[in-house]
Every structure is written in C-alpha cells, then in structure tokens.
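Step one of this worksheet: look at the structure below.
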Amino acid sequence: MTTPNPEHVLRIAPAGLPRATILIVPPLFEEANRTRRTLVLAMRALAAERFAAVLPDLPGQNESVVPLEQVDLVCWQDALAELVSGIDGPTIIASFRGGALIDQKAKAKAWWRLAPVGGASLLRTLMRARVSADREAGVMSSLEGLQDEAKTAPLLLAGNRLSSAMIAQLGASEAQVVEPLRSAGLGADGIAGTPLWLRAEPGEDAAMAEAIAADISVWSKTCGIS
C-alpha cells in the first residue's frame, strides 16, 4: 500500500554541523498525542548535544492529508525508510512504545527504543477503550465482536478509524531485532520519567526529555558517533 509523500516533518538542529540525525518515531495513535510535547523538548535537548532531530508525521496522522483507514503498519515502515534514505550523514532511530513496530526497514546507523510494546497489547487497549465507550453510550459490544467486525470493515477505535489490514497487522506485530540497539525502560535501571502515554490528557516531563537526550548522546558514542 502506497501513500503520497512528503508528510510534514518537524526538524530541530544545532547551530553547526550535527554529529548525527536522530529520527524520532513517536508512539502510535493516541499515545502520540500524549507524549508529543515531551518529545519536542527531547529534540531541543538533543540539539544542545549537537544532534539534529526530526519528528515526522506518519501518513494518516496529525497534518497528513491521507485518511488513516487507508494506511497500515507496512505503509508506515515504508514511509520511515524513505525518510531516512534522504537524510545526509548517520541516522539514529529513536522509537517510543509502538513506534518500535515500524522502525526496522529504515537503513540506520543504530536504533534506540524506549518502552517498546507489542502490537497485540496496543490493539487490546484500543478495543477495551471502544467497549467502555460503547457501554457508556448504552451500546453493547465485546472484544470478540469487534474482532469479527474488523475482518471485513474499518473499525473506529479511540477516535482512530483503522483498516482491516492495520488491525490484523497490529494483532500479529512485535518489535523486530535490529543492531546495534539500546532498549531502555523507565525507572531506576532506565530513563527517569513518567509513562506519559497512560495519562488521560497530553502531558509534559522536562526532566524526562533531558534524560532521553543524555542517554542517546552517551550511547551514540558506543556506535562510533562522536
């Protein structure tokens, strides 16, 4: 499945020649909205570490003119690969949550992932939100019924109209092995911060943004980027 390009890309760069470009792959669906402000803060912190940072709109998301129900995970993988192919110099892909499901096709120098999650887990969360919303509206639905419906028609989940292909791919998708890779979590042994993707509304964690940038900067040196 193909979609028109280019999509909007937010870019924040240092004053001089960057050490490398960090491609930010945001979480998917509503989680992207809840984390965007912190990701932009992380991009500014990366610029202070002499990295260029880019945050693209995926086809069907944000400012994209492509209807979401016309895209799937393969489309998003191809869009990221195309974007990286046009970047001069080394690229590190920094993926967040479900973004790790679509980052493997791009030819990057290295990969960095924060709290990667499987597609089946994301899909269950979306479907449970739909069942809860239906119940509040006096409509009876179930996970099994929604799964059956999704086999033949797009399904509206948490404000996202997803194609049958997207839903099928999500249900079977896991983050793929890439090298070199740093996979970080939150907490004492990972990145200090809060799981913004679990909040009901968009949030901001400036300290977490600084920690993300610092961790990427330190780790990049082990990948030959100085």
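All of the numbers you see were taken from the coordinates with simple rules; none came from a lab. Small disclaimer: the values here were computed from a predicted structure and weren't measured. Please note: Cβ atoms are built from the backbone with ideal geometry, for glycine as well, and neighbour counts cover all protein chains shown.
Report the Cα-based extents of the stretch 119-174 along its three principal axes, largest first, to the nearest Å.
In descending order, the Cα extents are 33, 21, 19 Å.
Rank-order 49-61, 164-176 by packing density, defined as the average count of other C-beta atoms within 10 Å over each peptide's residues, highest first.
Details: 49-61: 21.3, 164-176: 18.8.
Ranking the peptides 49-61, 164-176 by packing returns 49-61, 164-176.
Explain nothing, just compute: Karplus ³J(HN,Hα) = 6.51 cos²θ - 1.76 cosθ + 1.60, θ = phi - 60°, for every residue of the stretch 96-108 in order, whole Hz, x for Gly and Pro.
10, 6, x, x, 5, 7, 10, 9, 7, 6, 5, 8, 9
Neighbour counts of other C-beta atoms within 10 Å: give me Thr194, Thr21 arranged from fewest to most.
Least crowded to most crowded, the residues run Thr194, Thr21.
Rounded to a whole number, what is D in µm²/s for the stretch 24-74 from Stokes-Einstein with the Kirkwood radius over alpha-carbon pairs (4 °C, 1.567 mPa s)?
Estimated diffusion coefficient is 107 µm²/s.
What full-extension length gain, to one decimal in nm, is calculated for Asn62 and Val131 as 0.36 nm per residue of separation minus the Cα-Cα distance?
Length gained, Asn62 through Val131: 22.4 nm.
With a 10 Å Cβ neighbour count serving as the proxy for reagent exposure, in which order, fewest first, do Met140, Met43 appear?
Values: Met140 8, Met43 24.
Placing the least packed residue first, the sequence is Met140, Met43.
Output ³J(HN,Hα) for the stretch 220-225: one whole-Hz value per residue in order, computed from phi by the Karplus curve 6.51 cos²θ - 1.76 cosθ + 1.60 with θ = phi - 60°, and x for Gly and Pro.
Karplus-based 3J(HN,Hα) across the stretch 220-225 equals 4, 5, 6, 9, x, 10 Hz.
With point charges of +1 on the Cβ of Lys and Arg and -1 on the Cβ of Asp and Glu, referenced to the Cα centre of the chain, which listed residue (Ala150, Leu23, His8) lies farthest in the positive direction of the dipole?
Farthest along the dipole direction, towards plus: Leu23.
Extent of the stretch 149-226 along each principal axis, from alpha carbon coordinates, in Å, largest to smallest?
50, 32, 20
Can you give the helix-only mean residue ellipticity at 222 nm for the chain, where every DSSP H stretch with n ≥ 4 adds -39500 (n - 2.57) and the sum goes over all residues, rounded to the nearest 500 deg cm²/dmol? Could you put the intermediate results ahead of the total?
On the way: 6 runs with 83 residues, N = 226.
About -12000 deg cm²/dmol.
How many percent of Cα pairs in the chain exceed 30 Å?
Details: 5879 of 25425 pairs.
So the pairs more than 30 Å apart make up 23 percent of the total in the chain.
Amide H to amide H, which residues 5 or more places from Gly193 or on other chains are under 5 Å from it, using H placed in the peptide plane?
Those qualifying (amide H under 5 Å, at least 5 residues apart or on another chain) are Gly187.
Rounding to the nearest 20 debye, state how big the charge dipole of the chain is about its Cα centre with +1 on each Lys and Arg Cβ and -1 on each Asp and Glu Cβ.
Working: 21 positive and 25 negative charges, 99 e Å.
Using Cβ point charges on Lys, Arg, Asp and Glu, the chain gives about 480 debye.
Sort 79-89, 25-35 by packing, meaning the average of other beta carbons within 10 Å per residue, with the highest value first.
Numbers: 79-89: 15.7, 25-35: 22.8.
Taking the mean over residues of other Cβ atoms within 10 Å, the ranking is 25-35, 79-89.
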